[in-house]
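Chemist: Take this structure first; my questions come after.
Rule-based calculations on the coordinates, nothing more; no lab input. Just so it is clear, the structure is predicted and the values come from calculations on it, not from any experiment. Please note: Cβ atoms are built from the backbone with ideal geometry, for glycine as well, and neighbour counts cover all protein chains shown.
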Amino acid sequence: MRPLQNHERAFTLIELLVVIAIIAILIGLLFPAFKAVQNQARQTQAKNDLTQIVNAVNAFYTDYGKYPLVTTDNKIYGPTGSLNADLFYTLRAVASGANAGDVANPRKIVFISPPDVKDPANPRSGIGTAAATVGQYFDPWGKAYNVEIDGGYDNTVANPYTANAGATPNLQLGVIAWSLGTDGSGATAAASGDKNTGVYADDVISWQ
């Protein structure tokens, strides 16, 4: 008698294509959930960064009896105002820009110490190091953080939003900070729009 032969059955082309299709469908279903989780993590990081920024500016005020680099009321550092690099040179005790020679922070106190960005060409979550972005503090989506400071020393700053973000037209605070969020668009000046609508809805703010 001849011994029985074991024949291993291989996948047919159709079965292989079905498996690939199922995998593609699963990836398609999971990708939006992954993106949502990733964006939530970035929002949490931005919120933490903003809290640290506000605390750093307030700590500067406590140590020096004035706010850093404020020359006008409701001074905004950010994408459409003055670049925030000079503000963070001062808060980081880096002798450069407006703090050259440590003139703005003569005691060389480090009030905040964010990391450098990992990719200088695509700055996110840290201090820019490329020539065009050097010294600026970027949010997790790649836009510079906005910081508004009370240069009139009356404990009020103009609210960047018209509704759903605290008292309008002014907030009873000395400093606020915010990120433009996922879309990189939003409030860039006083009374820009309703916080709950349009490009403003994904902005991350320090005061709520």
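Chemist: Straight distance only, please: which aspartates and glutamates reach the Cα of K66 with their own Cα at less than 15 Å, same-chain residues fewer than 8 apart left out?
Modeler: E148, D150, D154
Chemist: Assign unit charges at the C-beta atoms only (+1 for Lys and Arg, -1 for Asp and Glu), then state the dipole size of segment 78-125 relative to its Cα centre in Debye, rounded to the nearest 20. Don't jump to the answer; show the numbers that get you there.
Modeler: Working: 5 positive and 4 negative charges, 27 e Å.
Here segment 78-125 has a charge dipole of around 120 debye.
Chemist: In debye to the nearest 20, how big a dipole does segment 1-127 give about its Cα centre with +1 on each Lys and Arg Cβ and -1 on each Asp and Glu Cβ?
Modeler: Details: 12 positive and 9 negative charges, 39 e Å.
That gives segment 1-127 a dipole magnitude of about 180 debye.
Chemist: Straight-line reach from K118: which lysines fall under 24 Å, measuring Cα to Cα and dropping same-chain residues less than 8 apart?
Modeler: Straight-distance partners of K118: K35, K47, K143.
Chemist: So what is the calculated 222 nm ellipticity per residue for the chain, using -39500 (n - 2.57) for each DSSP H run with n of 4 or more, over all residues, to the nearest 500 deg cm²/dmol?
Modeler: On the way: 2 runs with 59 residues, N = 208.
Calculated from helices alone, the mean residue ellipticity at 222 nm is -10000 deg cm²/dmol.
Chemist: Output the 0 to 90 degree angle, nearest 10, between the alpha-carbon long axis of helix 13-64 and the longest principal axis computed from the alpha carbons of the chain.
Modeler: 20
Chemist: Just subtract the alpha-carbon distance of R124 and K35 from 0.36 nm times their residue separation and send over the number in nm, one decimal.
Modeler: Extra length from R124 to K35 when fully extended: 30.4 nm.
Chemist: Also, I was wondering about something else. When the chain is fully extended, how far beyond the present Cα-Cα distance does I22 get from N170, taking 0.36 nm per residue of separation?
Modeler: Additional length available on full extension: 47.8 nm.
Chemist: Listing L50, L17, L180 from the residue with the fewest other Cβ atoms within 10 Å to the one with the most, what is the order?
Modeler: L17, L50, L180
Chemist: Using Cβ counts within 10 Å as a stand-in for footprinting exposure, how do F31, F88 rank, fewest first?
Modeler: F31, F88
Chemist: Separate question: Under a point-charge model restricted to the Cβ atoms of Lys and Arg (+1) and Asp and Glu (-1), what is the dipole moment magnitude of segment 120-208 relative to its Cα centre, in debye to the nearest 20?
Modeler: The dipole magnitude comes to about 200 debye.
Chemist: Okay, next question. What is the fewest-to-most order of T182, T71 by other Cβ atoms lying within 10 Å of their Cβ? Provide the component values of the computation, followed by the final result.
Modeler: On the way: T182 21, T71 7.
Going from least to most buried by this count: T71, T182.
Chemist: Can I ask one more? Using a Gaussian network model of the chain whose springs link C-alpha atoms within less than 10 Å, name the residue from L87, L29, L173 with the highest mean-square fluctuation.
Modeler: Per the Cα network of the chain with a 10 Å cutoff, L29 tops the list.
Chemist: Efficiency by 1/(1 + (r/R0)^6): what FRET value for T44 and E15, r their Cβ-Cβ distance, R0 = 45 Å, to the nearest 0.05?
Modeler: Once rounded, the FRET efficiency stands at 0.55.
Chemist: Oh, and also: What FRET efficiency do you get for A201 and Y153 if R0 is 35 Å and r is their Cβ-Cβ distance, rounded to the nearest 0.05?
Modeler: It comes out at approximately 0.60.
Chemist: Right, another one. Could you give each residue of segment 74-82 its phi-based ³J(HN,Hα) in whole Hz, using Karplus coefficients 6.51, -1.76, 1.60 with θ = phi - 60°, and x for Gly or Pro?
Modeler: In residue order, the calculated couplings are 6, 5, 10, 10, x, x, 10, x, 6 Hz.
Chemist: Follow-up question, since we're still on this one. Under the rule that an exposed site lies in a DSSP loop and has at most 16 other Cβ atoms within 10 Å, name the longest stretch of the chain with no trypsin sites (Lys or Arg not before Pro) of that kind, not counting the sites themselves.
Modeler: The longest uninterrupted stretch comes out as 125-208.
Chemist: Could you work out the relative contact order of the chain, using alpha carbon pairs under 8 angstrom and six or more residues apart, expressed as a whole percent?
Modeler: Rounded, it is 18 percent for the chain.
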